[in-house]
1. How big is the shadow of the Cα convex hull of the range 270-382, averaged over all directions, in nm²?
2. Give me a comma-separated list of calculated 3J(HN,Hα) values for the range 175-183, in order, Karplus coefficients 6.51, -1.76, 1.60 applied at θ = phi - 60°, integers in Hz, x for any Gly or Pro.
3. State, as an integer percentage, the relative contact order of the range 286-430 based on alpha-carbon contacts under 8 Å between residues 6 or more apart.
4. Evaluate Rg over Rh across the range 249-293, taking Cα atoms for both radii and Kirkwood's formula for Rh.
5. Can you give the direction-averaged projected area of the convex hull of the alpha-carbon atoms in the range 323-362, in nm²?
6. Just the C-alpha atoms of the range 318-400: what Rg/Rh do they give, with Rh taken as the Kirkwood radius?
7. In terms of the ratio Rg/(2.2 N^0.38 Å) built on C-alpha atoms, what value belongs to the range 48-187?
8. Taking θ = phi - 60°, what integer Hz values does the Karplus form 6.51 cos²θ - 1.76 cosθ + 1.60 yield along the range 110-123, in sequence order, with x for Gly and Pro?
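Coordinate-derived values only; no laboratory data. Owing to the predicted nature of the structure, the values given are computational and were not obtained by experimental measurement.
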Amino acid sequence: MMGSMAPEETRTTMTSPAIRRSTESTAPGTPATRAWTTRLMVVGIVLTALNLRPAITSLGALLEEVRDGLGMSGSVAGLLTSVPPLCFGVFGVTAPRLARRFGPAAVVCAGMVAITTGLALRPYIGGTAGFLAASALALMGIAVSNVLMPVIVKRWFPDRVGSMTGLYSMALALGTSTAAAVTVPMTGALGGDWQSGLVVWAGLAAAAVLPWIPLVRARGAVSRPDDRAPAASGSTRHEPDGLRITRSRTAWALAVFFGLQATAAYITMGWMAQIFRDAGVAAGTAGLLLAVTMVMGVPLAFVIPRLATRLPHQGPIVVALGVCGLAGYAGLYLAPAAGAWAWALLLGVSNCAFPLALTMVGMRARTGVGVAKLSAFAQSTGYLLSIPGPLLVGVLYQQSGGWGLPLAMMAALMIPQIGVGILAGRDRTVEDEAAG
């Protein structure tokens, strides 16, 4: 870097100090420019994370009203709760290719536009099919952003993967819990119409578009500050490609772990409020209980990634989170209303397997290419594996007329989640395994 700038620096020394100060303060790649871009990147990451779950949890809080309004059966409602992992699996796998062509910032920016459009259209587009299509558009934007966030964190903050993943996960949990908590009372304040309660979240998504626009124009916004590769294409040509991610046992373990934790999370977001309502809990309180479950991720999503990066093996964290999940499901079966707050807290702790999985994505690969491929593989494969879960819960609920069988299934899935999580937490990288 210094050698390539030497002639230009020689010419600069022949100019006045004022001109030199002006040039240094505005030239691309200067510390001032990089600092400004880094701060804007942090804002973009936080706003993006805030928008990665309200499309789902706002619907979970109003699922009964949406079912009645659109005339859905329990099985169709189960299909609706399976749409998020389906979209994440199908569209998430395209994220690395899109990022190589257009740059990660441009893809995330487009993702935020898709979320805004989908959330604005889905309450008013008419009919179940239209509602599903508009939801899929929003979820497509969420899918590519899900995959690219660990990539951006790894490339822009390589020495702060734990803290930045924690910040991102904390913002994601805050957006998730806020949507769950305020959607029902906000719907009441807006006249009781479920369409109004859902459409307001398009405004938050629109705000997330703004910081990415200058980052896309900066063209170097998604490369490391010391990376001289052309950033217009989001290139990673300075890193070795050709990584066969499917040859890595750790990649498969992480993908299955991601899928099982996603199954638990989307069943919780889609059905937990209904479980409490069927137990006699008021709709507003049920939404608040769901919010408590989600808000547990705000502090823990910041703590767990930092703790995980300090441990050589993340298995003990996996076990602790799994035990909390098992206890929460048992409580929902035995005394859903009497111990509602305790079960909400326990399941909130268990759901923090998500930020742990994101952290392990950054830790199990050495290079930017490795992180991109591992993130796309683990998330896309994992979300595809999670598709049957919420749908099966809806079918079991409708056929059995209660929550005993669905809760038994959810508890049974927690056992393999603990097992593969221990395997994924071992101290090794996918590059080494794929090469071997």
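1. Average projection, Cα convex hull of the range 270-382: 7.7 nm².
2. x, 4, 6, 4, 4, 5, 7, 9, 4
3. Reported relative contact order: 36 percent.
4. Rounded to two decimals, Rg over Rh is 1.23.
5. Answer in nm², one decimal: 2.6.
6. Rg divided by Rh gives 1.10.
7. Numbers: Rg = 15.8 Å, N = 140, 2.2 N^0.38 = 14.4 Å.
Ratio of Cα Rg to 2.2 N^0.38 Å: 1.10.
8. Karplus-based 3J(HN,Hα) across the range 110-123 equals 4, x, 5, 5, 5, 4, 4, 5, x, 5, 6, 8, 5, x Hz.
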